[in-house]
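Please read the structure below before turning to the comments.
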Amino acid sequence: MRTDSSRPRWPLLGHPVAVGLQLVGALCMLAALWRARDVLLLGFLAVLVAVVFSFPVDWLSRIIPRGLAVLVVLVVLLGGLTIAVVFAAPAAVQQAQALGPRAAQAFERAREWFEHARRSASLAPLAPGPQSGQEVQSVLGKLVPAAVTTVSALTAVLLMVVLAAFLVHQSDSYREALRTLVPREKEAVYDELARRLGQGLRHWVAGILVSMLVMGGLTALGLGLAGIEGWPVLAALTFLATFVPYVGAIASAIPGLLVGLAQSPRHFLLAGAVYLGIHVVEGYLVQPVVMKRAVEVRPAMLLLGQAVLAALFGLMGAVVATPLIVCAKIAVGYLYIERRLGKQGPRP
């Protein structure tokens, strides 16, 4: 009795039905990833923190076990944060509180100039002030969301640090776990891609940390010499904002300019000169010297990627945009340009 071997094993699953099921499965997977986008971005941030931890951990692991090296780095980090909170936080909070009225004065002065330019003779009537009960409800309505946001942020930071510690402790085991999902004939490609991504991220993280230190130090020196009030807080803002190239550096200059404007037009010009000089130093000295070993990303591509990721994922997308673009450029350069087209791709 002859059997038709060409007949499909599952006749109900014809080609159109199989394609439809695959499409539905892909859409469900994309929807699940979109719902978990904040967790995925937090995980990528944990990878970046793990790269930062890897520098001291790799050095310490030469003389002590790697697990102990991770513990030492965490203890030093927590100790440093505790000392900063105990000794530096009160002064920083006081300076930040002093910057608030200065910024308000700057906004008010700018509004007065704008109104004077428009030569407006009419003033909008003031709305009646809220009653005491309404004030209490308004304060409570602001405090509760702020407390929830603070607790959520602290939890996310703690989770990110713990995840980064696990990643840096057993990075090879996680890499091998992903390697088991790759077909045997593609394992060499996976190994080379993982090596390039790791090397590219290490170079970028090292370069951006040096750039952050240089920008923060120059900002503190310049604003301090210019007599800008609250210069330590402004320098700390510049240090943190430099993690987001171009956009962060520009945004960090706005508070300093407002504080300078609140002091006097002379201080405003001095603050503008300081920030302009710092960005010239960054563009012509820091970037070519420090970031030359990292993967080069064109400014137009970087700004476009930051805008797209910020529109999709908000502030978190803007923060992780640059390292994501670096990883994407390395992957496309190796998998498509080199292996598919046979051309020379970018190397970290």
Accessible area (Å², 1.4 Å probe, nearest 10) - TRP59: 150
Simple label model, 7 Å out from Cα along Cβ direction - LEU221 to ILE337, nm: 3.6
SER152/LEU33 FRET efficiency (R0 22 Å; Cβ-Cβ; nearest 0.05): 0.55
FRET efficiency estimate (nearest 0.05) - Cβ-Cβ, ILE83 to LEU21, R0 45 angstrom: 0.20
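May I ask you to rank SER264, SER152 by accessible area, largest first, using a 1.4 Å probe over the protein chains only?
SER152, SER264
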Pairwise FRET efficiency - VAL182 versus ARG66, Cβ, R0 = 41 Å, nearest 0.05: 0.95
Accessible area in the full protein assembly, largest first, 1.4 Å probe, for MET301, MET29: MET29, MET301
Per residue accessible area of region 191-234, 1.4 Å probe, in Å²: 38
Stretchable slack from SER264 to ASP191, in nm (0.36 nm times residue separation minus alpha-carbon distance): 20.4 nm
Among 63-69, 167-173, the order from most to least packed when residues are scored by Cβ within 10 Å on average: 167-173, 63-69
For region 239-291, accessible area per residue (1.4 Å probe, heavy atoms of protein chains only), Å²: 49
Accessible-area ranking of CYS28, CYS327, largest first, probe 1.4 Å: CYS28, CYS327
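The values are calculated or read from the model by the stated rules, or taken from the named source; none is laboratory data. Every value quoted in this text rests on a predicted model; they were computed, and no experiment measured them. With ideal geometry, Cβ positions are generated from the backbone for all residues, glycine too; neighbour counts draw on all protein chains shown. The protein model used for the area step is the full one, side chains on, heavy atoms only, and it has no ligands, DNA or RNA in it. Shrake-Rupley method; radii C 1.70, N 1.55, O 1.52, S 1.80 Å.
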